[in-house]
Amino acid sequence: MLRDITIGQYYPADSKIHSLDPRVKLLATLVYIISLFMVDDVFSLLFISVALAAVIVTSKVPFTYIMRGLHSIIILLIFAAAFNIFLTPGIPIFTIWKLNVTKEGIKSAAVMMIRMIYLIAGTSLMTLTTTPNALTDGLEKSLSPLNKINVPVHEIAMMMSIALRFIPILIEETDKIMKAQMARGADFESGSIIKKAKNMVPLLVPLFVSAFRRANDLAMAMEARCYHGGEGRTKMKPLKYQKGDAVAYVLLAAYLAGVIIIKIVTNSIL
Amino acid sequence: MPIILDHVTYKYSTGTAYEKTALSDVCLTIPDGQFIGIIGHTGSGKSTLVQHLNGLLKATEGTIYYNGKDIYDKTFDMKDLRTQVGMVFQYPEHQLFETTVFEDVSFGPKNQGLPKKDVDLRAYEALSSVGIPQEVCDSSPFELSGGQKRRVAIAGVLAMKPAVLILDEPTAGLDPKGRDEILDLIQETHRRSGNTVILVSHSMEDVASYVDRIIVMDGGKVKYDDTPKEVFKSYKELEEIGLAAPQVTYLMKELKEAGWPVKSSVTTVSEARDEIIKALKK
Ligand SMILES: Nc1ncnc2c1ncn2[C@@H]1O[C@H](COP(=O)(O)OP(=O)(O)OP(=O)(O)O)[C@@H](O)[C@H]1O
Ligand SMILES: [Mg+2]
């Protein structure tokens, strides 16, 4: 049950997308998100769909994995779509019980749905094809100019990678403690809300205790191995651009140009 | 209350890239009142196997019968099963949560719905049987030493008086004296109440000297299932899967090869002593 959480989940596979430099993937995701919010016409969305599909196929990540992230926002999506359909002013097509369904409403709901779904698909694709470590490495490197204005980039990246690393550990720990308390007759499922909250105590106390213990142990272990922050620290596997990354940058530029051109053309026609 | 495992297979993370078969086609019968040892290399599926016995993990394929009833039946009372099949986990000290040691041990009996008087009595009995002095009972479980925490956690399960007691490596990380004390305690409870005990262990010595029957796990399958004597006869095969026979078995084998008139199928130190004295008298 707890294992359904997909934040930061990596899908191991041997693909061109997996082996890209994380900086490329970060920039590409950023460009992709911006492009999603730039466009709202059919042709541009079609172009983006083709690009997204091509990347998904190249990544060798099963489609069901990418869509798994949608489960959590499905209710939000439905609500947002409903509000868009009923509350956008414009030319009414038909009326359901005092609520006008407008042409503009349907259009904006559709665009919004597509944007959200594509947003989740695109960002999931990035985390599914990049290990958390590579991701934070990429972030650290991309943000390193901020060091000049005294932003502790290394420390932030380190905290992020530790936090990401600890998600599966804490999930596992929760699972373990839950089982142990269930074996002593604890009941986490039935009862009223207050009873349920009370029943969580045997789970939460040991979980917090162990999280603090782990954090403490980790800090000690890092100090024992002479960790002293980012200054003068070198990497075992420094990020280096490969040939494939250059190709990816070119494709990314082409994608951006494509989106802009289609946008200009459709704007001038309509 | 016999437990029957009927072709049980279990896979972790089914339907993901990390799918892993931890148990494959396990068939076992666990009759009442046996003292059973489960041994196997790290990752051979011992913990996974025992977690099926009280329904914490649900078999991917196959079923389990407790007392003749299918435990995966919709009408089956899982809570009842869990109060009858008690389980001490690997590193149980991580499950302590109450404000005092005494309260923590009372958690299980309370969940069984016993009246307050009985709960207190059971908690008191369990704590004294695992050798926790009375003055410690009112302190916080987080202030205890590792070994004391372990004892409190074991007491928490003993206080439920389960008909089947499962212990997953209860002695890992304890000193030799503490280890013997805990195992002796478990054996005594077993003798007194006739409950079924299932002991998962890495120590061949422990298993050989306490249990009536050994189940050897290897790669998620049951490799051997017999009395300690029979199982340790095949020490060569055991070595191949990362296990060994108890030290005395090797000693007796070497004595025999050196020409001494002793039996080599000895598994405990006291048996070995008797054999050697007998041989010396000849
Ligand atoms: N929560 C889990 N998720 C995925 N795989 C798991 C999980 N727990 C165990 N496994 C895998 O299942 C297999 C059996 O594990 P199990 O814990 O039953 O071994 P074990 O015999 O108890 O080992 P040990 O002696 O180290 O305690 C191992 O290969 C392990 O990697
Ligand atoms: Mg184990």
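Brief remarks follow.
- The one condition in (1) more than 16 Å from ligand 2 (Cβ to nearest atom); (2) surrounded by 19 or more Cβ atoms within 10 Å (Cβ to Cβ); (3) over 17 Å from the mean Cα position of the chain (by Cα) that B:Val85 fails to fulfil: (3)
- Candidate set: segment B:40-52, residues that are in contact with a Leu (Cβ under 8 Å, 6 or more places away or on another chain) and within 12 Å of chain A (Cβ to nearest Cβ); chosen: the one nearest to ligand 1 (Cβ to nearest atom): B:Thr48
- Matching option when the condition is more than 14 Å from chain B (Cβ to nearest Cβ) and touching a residue at least 24 places away in the same chain (Cβ under 8 Å), among A:Gly244, A:Gly232: A:Gly244
- Scoring B:Ala159 on the criteria (1) open to solvent by less than 30 Å² (accessible area, probe 1.4 Å); (2) in contact (Cβ under 8 Å) with a residue 40 or more places away in the chain; (3) within 16 Å of ligand 1 (Cβ to nearest atom) leaves a single failure, condition (3).
- Which listed residue is within 20 Å of B:Ile166 (Cβ to Cβ), within 14 Å of chain A (Cβ to nearest Cβ) and either among the small types (Gly, Ala, Ser) or assigned to a strand (DSSP E or B) (or both), from B:Gly55, B:Gly37, B:Gly62: B:Gly55
- Put simply, of A:Gly230, A:Gly244 the only residue that is surrounded by 13 or more Cβ atoms within 10 Å (Cβ to Cβ) and in contact with a Lys or Arg (Cβ under 8 Å, 6 or more places away or on another chain) is A:Gly244.
- For the criterion of being open to solvent by 30 Å² or more (accessible area, probe 1.4 Å), within 16 Å of ligand 2 (Cβ to nearest atom) and more than 14 Å from chain A (Cβ to nearest Cβ), B:Gly194 fails.
- Residue count for segment A:174-197, restricted to those that are among the hydrophobic types (A, V, I, L, M, F, W, C), facing chain B (nearest Cβ under 7 Å) and over 30 Å from the mean Cα position of the chain (by Cα): 4
- Of the strands (runs of 3 or more DSSP E) lying entirely inside segment B:165-241, those carrying at least 1 residues that are in contact with a Phe, Trp or Tyr (Cβ under 9 Å, 6 or more places away or on another chain), within 16 Å of ligand 1 (Cβ to nearest atom) and in contact (Cβ under 8 Å) with a residue 40 or more places away in the chain are B:196-200, B:213-218.
So that you can scan it fast, the table gives a plain yes or no per residue for (1) more than 12 Å from every other protein chain (Cβ to nearest Cβ); (2) within 23 Å of B:Tyr10 (Cβ to Cβ):
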| position | (1), (2) |
| --- | --- |
| B:Asp70 | yes, yes |
| B:Lys74 | yes, yes |
| B:Gln90 | no, yes |
| B:Val101 | yes, no |
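- Matching entry among B:Gly15, B:Gly113 (being under 30 Å from A:Pro62 (Cβ atoms) and assigned to a loop (DSSP other than H, G, I, E, B)): B:Gly15
- Residue in segment A:198-207 that is modelled with pLDDT under 90, assigned to a helix (DSSP H, G or I) and away from chain B (no Cβ under 14 Å) present: no
- Cβ-Cβ distances below 6 Å connect the following pairs, each with a first residue in segment B:39-60 that is farther than 14 Å from B:Lys221 by Cα, a second residue that is polar (S, T, N, Q) and more than 13 Å from ligand 2 (Cβ to nearest atom), and a separation of six or more residues or different chains: B:Thr60/B:Thr9.
- When residues in segment A:81-138 are screened for being closer than 27 Å to A:Ala157 by Cα and touching an Asp or Glu at 6+ places or on another chain (Cβ under 8 Å), 1 of them pass.
- When we screen A:Ile162, A:Ile117, A:Ile167 for residues that are more than 29 Å from B:Tyr91 (Cβ to Cβ) and either exposed (fewer than 15 other Cβ atoms within 10 Å of the Cβ) or under 21 Å from the mean Cα position of the chain (by Cα) (or both), the only hit is A:Ile117.
- Conditions (1) part of a strand (DSSP E or B); (2) of a type outside the set (Gly, Ala, Ser); (3) away from ligand 1 (no atom under 12 Å from the Cβ): number failed by B:Asp32: (1)
- Of all the residues in segment A:254-270, those that are open to solvent by less than 40 Å² (accessible area, probe 1.4 Å) and without any contact (Cβ under 8 Å) to a residue 24 or more places away in the chain number 0.
The values are calculated or read from the model by the stated rules, or taken from the named source; none is laboratory data. Everything numeric in this text was worked out from a predicted model, so none of it was measured. Every residue, glycine as well, gets a Cβ built from its backbone with ideal geometry; the counts of neighbours run over all protein chains shown. Just the protein is used for accessible areas: all its heavy atoms, side chains included, with ligands, DNA and RNA removed. Shrake-Rupley method; radii C 1.70, N 1.55, O 1.52, S 1.80 Å.
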